[in-house]
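To keep things clear, I will list the structure first and then write my remarks on it.
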Amino acid sequence: MSNDALATAAATAVEQCMALGAAESCVVVTDDKRRPIGEALYEAASAVADDVTILRYPPGDQHGEEPPQPVAAAMAAADVFLAPTTKSISHTRARGDACEAGARGATLPGITEDVFVTGLDADYDAIAQHCRDVLAQVEAADEIRVTAPAGTDVTFEVGDRAWHTDSGIVHDPGDFSNLPAGEVFVSPTSADGTYVVDGTMRPHGRLDEGQELRFEVEGGYVTEISDDEIRSQVEAAAEEVGRDAYNLAELGIGTNVGVTDLVGSVLLDEKAAGTVHIAIGDDAGIGGDTDAPLHLDGIVREPTVRADGEVVDLPNAER
């Protein structure tokens, strides 16, 4: 990957997405495996502002694992934070506390140089409009039902939980987004049914044609997992937090019309317009009340989404 391509993508993140100001402070949080992306963001931020810091630490063991305390403190003390890391810190107390303290930020979990360059080549104003369009259709609904050709038929109770948008436009204090961006999501209060992942899910990446991962859900908890590797991850987390590891944590709707094909990166693929993703584990960082040391997203292709029985008009990828 050329340094120029990384620099261009980093400038988009710093200038368009974050709108970093010359008088603001910025901290870039990265790890040993994402050093080139972290350094590109540091250089782009340093070209705009004087108070810029980069912190690097060893990759975590699991998505949703808390970063070291000095990293958490630096995030909370900054005006802006950017976090390209191997393991996601999106759903951590450190990220949530930083935003509550007034920092605005973006995490780039599992980001690769290819995904960084491809995913930041996007019209984020258009993505933000698609987010608003989907949000308007779902935010007042009590019940969301998702069906799909591979066998998904699952109903979510929203309760009093708020929907959130991840548009990539992070300009106000406390704002937060993944980058690359493009989704509308909620932490449901309960869910029942079956969902079948036929898109992308860790640790498998993009699934082969005909490969499917089946999950049974009852009363807001995953009760059966067809895949041995994913089941082992959840069982390991359950040794630490018990039943909370099986929490049905998130329903998300992709709105990024620039993502035309799934590439095997959950970070990018969950944003693909016209897809849905469903997650197991931690939801405290997105409006829920479950603390768990994992957050596992699985992408469902070709879904039909109904909000209180009305079909939701989903954006379509630009092909």
**Report entry** Condition check for A13: outside the structural domain of P293 (by TED's automatic domain parsing) and more than 21 Å from the chain's Cα centre (by Cα)
**Finding:** no
Report summary line: Scanning the stretch 37-63 for residues that are among the acidic types (D, E) and either buried (at least 17 other Cβ atoms within 10 Å of the Cβ) or in contact with a Gly (Cβ under 9 Å, 6 or more places away or on another chain) (or both) gives E39, E43
Report summary line: All-but-one check, A126 against (1) more than 15 Å from V259 (Cα to Cα); (2) surrounded by fewer than 18 Cβ atoms within 10 Å (Cβ to Cβ); (3) of a type in the set (A, V, I, L, M); (4) touching a residue at least 40 places away in the same chain (Cβ under 8 Å), failing number (1)
Report task. Scan the stretch 66-83 for residues that are crowded, with 17+ Cβ neighbours inside 10 Å and at pLDDT below 95 and jot them down. Result -> P67
Query raised in the report: For residues in the stretch 257-270 being buried (at least 24 other Cβ atoms within 10 Å of the Cβ) and farther than 15 Å from V117 by Cα, which is modelled with the highest pLDDT?
Result: E270
Report task. Just give me the residues in the stretch 1-59 being among the hydroxyl-bearing types (S, T, Y) and closer than 24 Å to S88 by Cβ, in sequence order. Result -> T12, S25, T30, Y42, T53, Y57
Query - Total residues in the stretch 154-182, condition modelled with pLDDT under 95 and among the acidic types (D, E) - result: 3
Query - The lone exception for L135 - which of (1) in contact with a strand residue (DSSP E or B) (Cβ under 6 Å, 6 or more places away or on another chain); (2) outside the structural domain of F185 (by TED's automatic domain parsing) it fails - result: (2)
Requested in this report: Determine the pairs where a residue that is in contact (Cβ under 8 Å) with a residue 12 or more places away in the chain, located within the stretch 2-19, has a partner that is of a type outside the set (S, T, N, Q) and surrounded by fewer than 17 Cβ atoms within 10 Å (Cβ to Cβ) with Cβ atoms under 6 Å apart, the partner being 6 or more residues away or on another chain.
Outcome: A19/H171
Report summary line: Taking the stretch 228-255 and the residues there that are of a type in the set (D, E, K, R) and crowded, with 20+ Cβ neighbours inside 10 Å, the one that is nearest to T147 (Cα to Cα) would be E250
Query raised in the report: Which of the residues belonging to the stretch 88-105 are free of Cβ contacts under 8 Å to residues at least 40 places away in the same chain and touching a strand residue (DSSP E or B) at 6+ places or on another chain (Cβ under 7 Å)?
Result: A98
Report task. Give, as residue ranges, the strands (runs of 3 or more DSSP E) completely inside the stretch 174-279 that count at least 1 residues that are touching a residue at least 12 places away in the same chain (Cβ under 8 Å) and assigned by TED's automatic domain parsing to the domain that holds P109. Result -> none
Report summary line: Counting only residues that are over 12 Å from T107 (Cβ atoms) and either of a type in the set (S, T, N, Q) or modelled with pLDDT under 95 (or both), the stretch 20-30 contains a total of 1
Report task. Consider A317 carefully, then state whether it is at pLDDT 95 or above and either surrounded by fewer than 19 Cβ atoms within 10 Å (Cβ to Cβ) or in a strand (DSSP E or B) (or both). Result -> no
Query raised in the report: Residue check, S90 against (1) closer than 22 Å to A273 by Cβ; (2) of a type outside the set (D, E); (3) crowded, with 22+ Cβ neighbours inside 10 Å; (4) at pLDDT 95 or above, all met but one. Which one?
Result: (4)
Report summary line: Of the residues in the stretch 20-36 that are charged (D, E, K, R), under 26 Å from D61 (Cα atoms) and touching a residue at least 24 places away in the same chain (Cβ under 8 Å), the one that is surrounded by the fewest Cβ atoms within 10 Å (Cβ to Cβ) is D32
Report summary line: Quick count over the stretch 277-304, residues being surrounded by 21 or more Cβ atoms within 10 Å (Cβ to Cβ) and closer than 17 Å to V134 by Cβ, is 6
Report task. Considering every residue within the stretch 146-167, establish whether at least one is within 18 Å of the chain's Cα centre (by Cα), aliphatic (A, V, I, L, M) and under 17 Å from A19 (Cβ atoms). Result -> no
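The values are calculated or read from the model by the stated rules, or taken from the named source; none is laboratory data. If you're wondering where the values come from, they're calculated on a predicted model, not measured in any experiment. Here the Cβ is made from the backbone with ideal geometry for all residues, glycine too, and neighbour counts use every protein chain on show.
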